[in-house]
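Report on the structure given below.
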Amino acid sequence: MSSRVKRDFANEDWDSYYRRYQRTLAEDYLIPILQQWNVNLRGCKFLEVGCGDGGCGAAFYGKGCDVVLMDIDERLVKITDTFNQNEKVAAKTYVGDVLDEQSPFYSDGPFDLVMFRDVIEHIENPERALAIVRNHLSTDGLVYVVFPPYYSPYGAHQQILPRKTLGPLPYNKLPYIQLLPSSLFLKLVSGESEANREVVRLSRIRLTIRGFERVAKTAGFVIRERRFFVSRPTFALRYGAPVIGAGLFGKVPLLREVLVTGAYFLLERADARRQQNTGHA
């Protein structure tokens, strides 16, 4: 599977590569996991929050979804539009902020499925984001969330930093540096680049598995499904590594926070669950 993404990389620009990477990830992993969880995609009104280059949306469109894509970055939305036009993907695209309920993409709801893929950990107020999205779900609507927990090896996203060294070591490539004392970690990652600022921001948010589960409950959701990986599907596509589920490690709270590199959650509205349980669907 990794060769489907890596091949001819030298002959591709970044956006073409990343579009293909996103689409392959969705086709090979994100969608099959939903199918294993008995989520029907045909005719589904689908919203992706933070669509990037739109590759995931193209894959969901191919499965018969009515696709709406949004991103806060206008440049990425324009790139997505170009790819969609060339690939005949009839998806609606918007520039907007998930935390702004007046953003125009919400007018396309209610949605049957909303996906946050490697996005929720970047949002300053994930609880508010989920609560707002909940207001724009259909009665049986679901939210699909995928993210790397903060205390996982690269949960601080230190790999995006400009190259920095600690003695002979390029510490932007070292795992778990976010476990250093906060003052030392912030000193190491401080800088003027956008990447530096983002790593510092992630250190404030610190979205863990336990923290996400608490946020989801407060926002009015129950967890319908969850799956954890110690070697997540993105590693298979980018590095050719095997995909490895967390198994028993995923059941031990402290261990999973540091060993799980990918957490997959499927949320449903708590009020919908209560209606089902009382027979008043």
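Among the residues of the range 82-109, write down those that are touching a residue at least 24 places away in the same chain (Cβ under 8 Å) and of a type in the set (D, E, K, R). Break it down stepwise before answering.
Of the range 82-109, the ones touching a residue at least 24 places away in the same chain (Cβ under 8 Å) are 83-84, 87, 89-99, 101, 103, 105-106, 108-109.
Glu87, Lys92, Asp97, Glu101, Asp108, listed by residue number.
From the residues in the range 114-165 that are basic (Lys, Arg) and buried (at least 17 other Cβ atoms within 10 Å of the Cβ), which one is farthest from Gly50 (Cα to Cα)?
Of the range 114-165, the ones basic (Lys, Arg) are 117, 128, 134, 163-164.
Adding the requirement that they be buried (at least 17 other Cβ atoms within 10 Å of the Cβ) leaves 117, 134.
Working: Arg117: 8, Arg134: 17 Å.
In this case the residue turns out to be Arg134.
Within the range 180-268, which helices (runs of 4 or more DSSP H) (wholly inside it) include 1 or more residues that are modelled with pLDDT under 95 and over 30 Å from Thr139 (Cβ atoms)?
On the way: elements: 182-189, 194-205, 209-218, 233-239, 253-259.
The qualifying helices (runs of 4 or more DSSP H) are 182-189, 194-205, 233-239, 253-259.
Would you pick out the residues in the range 58-82 that are touching a helix residue (DSSP H, G or I) at 6+ places or on another chain (Cβ under 8 Å) and farther than 18 Å from Ser107 by Cβ?
To start, the set of residues in the range 58-82 that are touching a helix residue (DSSP H, G or I) at 6+ places or on another chain (Cβ under 8 Å) comprises 58-60, 62-63, 67-71, 79-80.
Residues satisfying the conditions are Ala58, Ala59, Phe60, Gly62, Lys63, Ile79, Thr80.
Which of the numbered conditions does Pro175 fail, given that it passes all the others? Conditions: (1) in a strand (DSSP E or B); (2) modelled with pLDDT under 95.
(1) is the only condition that Pro175 fails.
Quick one: Asn86 ticks every box in (1) within 22 Å of Leu25 (Cβ to Cβ); (2) within 17 Å of the chain's Cα centre (by Cα) bar one, so which box is it?
If we test Asn86 against (1) within 22 Å of Leu25 (Cβ to Cβ); (2) within 17 Å of the chain's Cα centre (by Cα), just (2) comes out false.
What is the residue count in the range 118-159 for residues that are of a type in the set (Gly, Ala, Ser) and either in a helix (DSSP H, G or I) or within 19 Å of Arg214 (Cβ to Cβ) (or both)? Don't jump to the end; show me each part of the working.
Taking the range 118-159 and keeping what is of a type in the set (Gly, Ala, Ser), we get 129, 131, 138, 141, 152, 155-156.
When the remaining residues are screened for being either in a helix (DSSP H, G or I) or within 19 Å of Arg214 (Cβ to Cβ) (or both), the result is 129, 131, 152, 155.
Total meeting the criteria: 4.
Tell me, please, whether a residue that is touching a Cys at 6+ places or on another chain (Cβ under 8 Å), of a type outside the set (Asp, Glu) and buried (at least 21 other Cβ atoms within 10 Å of the Cβ) can be found in the range 98-108.
Keep residues of the range 98-108 that are touching a Cys at 6+ places or on another chain (Cβ under 8 Å), which gives none.
No, that holds for no residue.
Can you run down the residue pairs with Cβ atoms below 6 Å, 6 or more apart or on separate chains, where the first is in the range 34-56 and without any contact (Cβ under 8 Å) to a residue 40 or more places away in the chain and the partner is surrounded by fewer than 20 Cβ atoms within 10 Å (Cβ to Cβ) and assigned to a loop (DSSP other than H, G, I, E, B)?
Correct list of pairs: Arg42/Gly64.
The values are calculated or read from the model by the stated rules, or taken from the named source; none is laboratory data. This structure is a prediction, so every number in the text was calculated from the model and none was measured. Positions of Cβ are generated from backbone atoms using ideal geometry, with glycine treated the same way; all protein chains shown enter the neighbour counts.
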